[in-house]
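Below is one structure, written out as structure tokens; comments come after it.
The values are calculated or read from the model by the stated rules, or taken from the named source; none is laboratory data. Because the structure is predicted, anything quoted here is derived from the model rather than measured. Note: ideal-geometry Cβ built from the backbone for every residue, glycine included; neighbour counts use all protein chains shown.
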Amino acid sequence: MQGQELIDGLWVATVETFYMVGISVLIAVILGLPLGLLLVMLSPGNILDNPKLHKPLSAIVNTGRSFPFIILLVVLTPFTRLVVGTSIGSTAALVPLTLAAIPFFARLAETSILEVDKGLIEAAEAMGCNYWQIVLKVLVPEALPSIVLGVTILIVNLLSASAMAGAVGGGGLGNLAIQYGYQRFDVAVMFATIIVLIILVQLIQLFGDRISQSLRKK
Amino acid sequence: MITFTQDSVSSFFQTENETENAITFTDVRKVYQQGDHAIAALDGVTLQVKPGEIYGVLGQSGAGKSTLIRCVNQLEKPTSGSVQVNGQEMTRLSGKELRQSRQHIGMIFQHFNLLSCRTVAQDVAFPLEIIGYSKLQRKAKVEELLALVGLEGKANAYPAQLSGGQKQRVGIARALAGEPKVLLSDEATSALDPQTTRSILDLLRDLNRRMGLTILLITHEMGVVKYICDSVAILNAGRIVEQGPVSDLITKPESLLSQEFFPRRVQRQPRAGAVIATIAFDEALADEPIFSALTRHFDVNVSILSGSVEPVGDRRVGQFQIELVGERAADALKYLHELNYAVEVH
């Protein structure tokens, strides 16, 4: 591949990568953040202190995080077919990507929320806040700068995971690099793909840091 | 003509009695289970805080002060006993009732506990959002509260841009948002330097006088008790070992408070033919030329072994450990006693 063909190929692959990463990040944040909040609130000494719920929840999250991603891709194939009707292509790659991303982000969110000073929760309780108000007015806003950094890490991680999905026919930049760069020894494609990935990671980190910094009033 | 039946009179006094205290603790116990053994953070605490007074609980760390103050708004649930705030039994409340009750009990903290992502005005508005004020009502109330604590110009600052004293002023404004009758102060000045501590204590005293605000504070600093407290309880290992009005306790040489407060007394035997005594007095006698009077009237020599005269609130109290040498030393001490000095002979 070279010239216009290479540019077109890169463009299509990048769009596919954005599609896979974008959707799985979105779902992972929507489901992982509440999971992270629950992990914090159910933990010993916290406002919903409940070991009977905390332990199994924590174990489930750990189990989700135990699978090497490449294994998850293969193991989930029947499930993927069930959910999206196919086991090949970018849409199929979404399923394992999302399932790996949810517990990962839950832990990232948990760490961010744990950083919120316990005194703030106590002050909110003393003011007569209910649990929802503590979550929405204290925990999430106070942890937000750190959560944004967590989302940044999540995006970069999914970018590399989506490249792995490419190895088994998932489409995207990874697929391009493997098919043309590796299997057909097309060094130009390999380099081009890597350069696009480097630029993407730099931009994502730059924006993540900027947003987090602007939210942090310190 | 109005006649009171026996019944109506007694029920009148009963209601009077119930509403008399701002905060009442009756035999409050709080036991933490730690593995096999139980630790009593509070071991039968009974105390009454009258409306409009500043009540200090003095104790070292680990004495149970923090548990005590958290039992008032039920951040800690007592294991047994009763806690009443303005006649309302707090231990029976839960859920919505408890939250509503908490909205009208202010609390300030050692580390201020301000939300870092909110401006001063937004932070003070926080409890108003919880209570359900409209945006317009909040704006007016926040302005009023910030003026009250002297932070008019800081409405749009973030906590990170404020000094410790300013942060505590925000904390106080926020605590007053629910128009509480009772303010709980959890070591509110312990993280502040001495000068800022005084300015915060002055503010609390001022709010107490102007608004009739009842303040229950916990502290490990004698200076705080000395500076603003009307009454004090000394807490040790979960028990109150002494309580009463500060002015009473501090003029009793035998009280723990005065022993903590004044310089340590000298522990030695009197010299031959001498008597060692501790005398204590308050503002009423603070200007008396007492030592020269003793020398003149009773022909005794007076040496001061320890002691000082200290301001307490806006009055002075003094305590001196003295050694009297002379034949009429006993008469001299009797004379002091008759003049209303507290006298303790060792």
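Among the listed residues B:Gly44, B:Gly87, B:Gly64, B:Gly35, which satisfies the condition of being within 19 Å of the chain's Cα centre (by Cα) and at pLDDT below 95?
Values: B:Gly44 fails: within 19 Å of the chain's Cα centre (by Cα); B:Gly87 fails: within 19 Å of the chain's Cα centre (by Cα); B:Gly35 fails: within 19 Å of the chain's Cα centre (by Cα).
Step by step, each of B:Gly44, B:Gly87, B:Gly64, B:Gly35 is checked, and only B:Gly64 is within 19 Å of the chain's Cα centre (by Cα) and at pLDDT below 95.
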Take the conditions surrounded by 23 or more Cβ atoms within 10 Å (Cβ to Cβ) and within 12 Å of chain B (Cβ to nearest Cβ) and apply them to A:Ala143. Does it pass?
yes
Could you tell me whether any residue of the stretch B:196-208 is of a type in the set (S, T, N, Q), under 18 Å from B:Phe112 (Cβ atoms) and within 14 Å of another protein chain (Cβ to nearest Cβ)?
no
Examine the stretch B:105-122 for a residue that is over 22 Å from B:Ala191 (Cα atoms), assigned to a helix (DSSP H, G or I), within 11 Å of another protein chain (Cβ to nearest Cβ) and under 25 Å from the mean Cα position of the chain (by Cα), and state whether such a residue exists.
no
Looking at (1) within 14 Å of another protein chain (Cβ to nearest Cβ); (2) in contact (Cβ under 8 Å) with a residue 12 or more places away in the chain; (3) more than 18 Å from B:Pro180 (Cβ to Cβ), which is the only condition B:Ser94 fails?
(2)
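Show me the helices (runs of 4 or more DSSP H) found entirely inside the stretch A:1-98 where at least 3 residues are in contact (Cβ under 8 Å) with a residue 40 or more places away in the chain.
Numbers: elements: A:3-42, A:51-66, A:69-75, A:77-84.
Hits in the stretch A:1-98: A:3-42, A:51-66, A:69-75.
For the stretch A:182-203, enumerate the residues that are crowded, with 18+ Cβ neighbours inside 10 Å and within 25 Å of the chain's Cα centre (by Cα).
Initial filter on the stretch A:182-203 (crowded, with 18+ Cβ neighbours inside 10 Å): A:186, A:189, A:192-193, A:196-197, A:200.
Residues satisfying the conditions are A:Ala192, A:Thr193, A:Val196, A:Leu197, A:Leu200.
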Could you say which residue among A:Pro141, A:Pro68, A:Pro145, A:Pro103 is under 14 Å from the mean Cα position of the chain (by Cα) and within 30 Å of A:Gln202 (Cβ to Cβ)?
A:Pro103
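Regarding B:Gly273, is this residue surrounded by 16 or more Cβ atoms within 10 Å (Cβ to Cβ), small (Gly, Ala, Ser) and either under 16 Å from B:Glu344 (Cβ atoms) or not assigned by TED's automatic domain parsing to the domain that holds B:Met222 (or both)?
Values: surrounded by 16 or more Cβ atoms within 10 Å (Cβ to Cβ): no; small (Gly, Ala, Ser): yes; either under 16 Å from B:Glu344 (Cβ atoms) or not assigned by TED's automatic domain parsing to the domain that holds B:Met222 (or both): yes.
Considered against the rule, which asks whether it is surrounded by 16 or more Cβ atoms within 10 Å (Cβ to Cβ), small (Gly, Ala, Ser) and either under 16 Å from B:Glu344 (Cβ atoms) or not assigned by TED's automatic domain parsing to the domain that holds B:Met222 (or both), B:Gly273 comes out as no.
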Taking B:Ala125 and the conditions (1) of a type in the set (Gly, Ala, Ser); (2) within 27 Å of the chain's Cα centre (by Cα); (3) in a helix (DSSP H, G or I), which numbered condition does it fall short on, given that it satisfies the others?
(2)
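How many residues are without any contact (Cβ under 8 Å) to a residue 60 or more places away in the chain and in contact with a helix residue (DSSP H, G or I) (Cβ under 9 Å, 6 or more places away or on another chain) when one looks only at the stretch B:261-275?
Pass one, the stretch B:261-275, residues without any contact (Cβ under 8 Å) to a residue 60 or more places away in the chain: B:261-269, B:271-274.
Of the ones still in play, those that are also in contact with a helix residue (DSSP H, G or I) (Cβ under 9 Å, 6 or more places away or on another chain) are B:261-262, B:265, B:273-274.
Here the count works out to 5.
Restricting the search to the stretch B:276-286, which residues are in contact (Cβ under 8 Å) with a residue 40 or more places away in the chain and either surrounded by 14 or more Cβ atoms within 10 Å (Cβ to Cβ) or hydroxyl-bearing (Ser, Thr, Tyr) (or both)? Working first, answer last.
To start, the set of residues in the stretch B:276-286 that are in contact (Cβ under 8 Å) with a residue 40 or more places away in the chain comprises B:276-281, B:284-285.
Hits for the stretch B:276-286 are B:Ile276, B:Ala277, B:Thr278, B:Ile279, B:Ala280, B:Phe281, B:Leu285.
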Restricting to the stretch A:70-86, count the residues that are within 20 Å of A:Ser160 (Cα to Cα) and exposed (fewer than 15 other Cβ atoms within 10 Å of the Cβ).
4
Go through the stretch A:92-136 residue by residue and tally those that are among the polar types (S, T, N, Q), closer than 30 Å to B:Ser185 by Cα and surrounded by fewer than 22 Cβ atoms within 10 Å (Cβ to Cβ).
2
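Filtering the stretch B:171-195 down to residues that are over 18 Å from B:Ile105 (Cβ atoms) and within 14 Å of chain A (Cβ to nearest Cβ), which residue is farthest from the chain's Cα centre (by Cα)?
Quick first cut of the stretch B:171-195, residues over 18 Å from B:Ile105 (Cβ atoms) only: B:189-195.
Restricting the remaining residues to those that are within 14 Å of chain A (Cβ to nearest Cβ) gives B:190-191.
On the way: B:Ser190: 14, B:Ala191: 18 Å.
Looking at residues that are over 18 Å from B:Ile105 (Cβ atoms) and within 14 Å of chain A (Cβ to nearest Cβ), I get B:Ala191.
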Just give me the residues in the stretch A:179-196 being touching a helix residue (DSSP H, G or I) at 6+ places or on another chain (Cβ under 6 Å) and over 17 Å from A:Gln4 (Cβ atoms), in sequence order.
A:Gly181, A:Met190
For residues in the stretch B:140-170 being charged (D, E, K, R), within 30 Å of B:Lys96 (Cα to Cα) and surrounded by 14 or more Cβ atoms within 10 Å (Cβ to Cβ), which is nearest to the other protein chains (Cβ to nearest Cβ)?
B:Lys167
I'd like the full set of residues that are farther than 25 Å from B:Ala274 by Cα and at pLDDT 90 or above, limited to the stretch B:286-315.
B:Asp287
Looking only at helices (runs of 4 or more DSSP H) that fall completely inside the stretch A:105-185, which ones have 1 or more residues that are closer than 26 Å to A:Leu35 by Cα?
A:118-127, A:140-167
Would you confirm, using the coordinates I've provided, whether B:Lys226 is out of contact with any Ser or Thr (no Cβ under 7 Å at 6 or more places or on another chain), basic (Lys, Arg) and surrounded by 16 or more Cβ atoms within 10 Å (Cβ to Cβ)?
yes
The correct count of residues that are within 13 Å of chain A (Cβ to nearest Cβ) and either in contact with a Cys (Cβ under 8 Å, 6 or more places away or on another chain) or among the β-branched types (Val, Ile, Thr) (or both) in the stretch B:50-66 is 0
